Amino acid sequence: MTGAPDTVSAAPRVLPSHGSRAAWRLQEEPGLAERPRLCLSPKLDYRPYLFGHHSFFPVGHPGYDQGVAADLDIPQVLADEIEAWIAEWKDTFLHLGDRPVDQPVWRDGVDETAWIDRGHALADRLEAHLPGSAVFCTAEQYVLCELAAEQLDYVHPLRGAYERETGWRMPGNEPDPDETPRLRLMPEYGVTWGLWAGRLPYYQAPRLRDGFMAFSTPRSLGLSADLEARILRWNDDWRRGFSSYGSGAGDDGAALGLDGYGYAIPEWTGVDPVAWYREGLAIAERLAEELPGVEVELAAIRNVCSPRFLMKDHTSRLRHQQPATFADTFLVPRRRAGT
């Protein structure tokens, strides 16, 4: 005996909540996945906040596939509302938190949930003004803790397919458990700590924050207070003393008979670059000690040596790298996980 056909539609596989709205739409709206996609998401210390298919932007646009509302052919009123949404984030968002379980921090009195809701509404309106498009707000990392936000990479409308194909942080399809986690120590403008995290399987401690402009901090890595102070002082010395990488044919390299751009000796003022570099080596050693199983890279040699020297010297062969790299990882002990 057969029953009557089940006319009740199946429940959505993923509820359309903040953390899964993109996935729910891609799964439940036929043909949406085939449309050109655009994501609305601000980035720390970065001007563009629209990322997606290049067809959304004018031909010859310098950002190619990323830009701002003014780059789109949309009503000025909508562009102004998007800019106001971005400005609110810049004015009231403080930081992502120092540990994976910390909630992102906003100024007191700000309703960050209401902010992300407005972002989804703006994305819907953008989509209505861009025929044939699929537009999403993907800024949940600013309202959810890191552990929760990382799960969104599984369903991110731009990165999701790649994440699923490569197996990066996908349950049931995890990376090689013997993969060596990496951490780079490198000073850079606009960066407080200079700790750049390489990819690390989500189940493997210590967890290193990954992602665009999302850096590890000493507290997120569990470093000692002494090492935290040394890293901060080392970066401050670089900002205070480093002037430039050098320039043109009239630079310091010319005095050595090395004419031509790129042979300049980096310029410093008030700080001994050799002493600074040696301290970087010592800090890298300490990082390797306090983060057992993590391969620590130091990328600081280009701040004290001519780039062309580095490109041409024999050390690139020792690193098994192409000559045009400036990393000095060969000076730092490399450790495999579990050794």
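Taking label points 7 Å from Cα along the Cα-to-Cβ direction, Val59 and Asp117 give a separation of 4.3 nm.
Around the Cα centre of region 21-166, unit charges on the Cβ atoms of Lys, Arg, Asp and Glu (plus for the first two, minus for the last two) sum to a dipole of about 280 debye. Classify region 21-166 as rounded, prolate or oblate, taking a ≥ b ≥ c as the square roots of the eigenvalues of its Cα gyration tensor: rounded when a/c is under 1.5, otherwise prolate if a/b is larger than b/c and oblate if not. It is oblate, given that a/c is not under 1.5 and a/b is not larger than b/c. With the charge dipole of region 77-136 set up from +1 on Lys and Arg Cβ and -1 on Asp and Glu Cβ about the Cα centre, the Cα lying farthest toward the positive end among the listed residues Val105, Leu126, Val77 is that of Leu126. Positive end of the dipole of region 21-166 (Cβ unit charges, origin at the Cα centre): among Leu26, Pro36, Tyr142, the Cα lying farthest that way belongs to Pro36.
Compute the signed sum of charges (Lys and Arg +1, Asp and Glu -1) over the other residues within less than 15 Å, Cβ to Cβ, of Asp71.
-3
Taking 7 Å steps out from each Cα toward its Cβ at Asp45 and Arg107 produces label points 2.2 nm apart. Could you work out the local net charge near Ala121, counting Lys and Arg as +1, Asp and Glu as -1, over the other residues with Cβ closer than 12 Å to its Cβ? Around Ala121, the surrounding residues sum to -1. Using a simple spin-label model with pseudo-atoms 7 Å out from Cα toward Cβ, Asp80 and Glu285 lie 6.1 nm apart.
Each value in this text was obtained by applying a stated rule to the coordinates, not by laboratory testing. All figures in this text were calculated on a predicted structure; none of them were measured in a lab. Glycine gets a Cβ as well: all are built from the backbone with ideal geometry, and neighbour counts include every protein chain shown.
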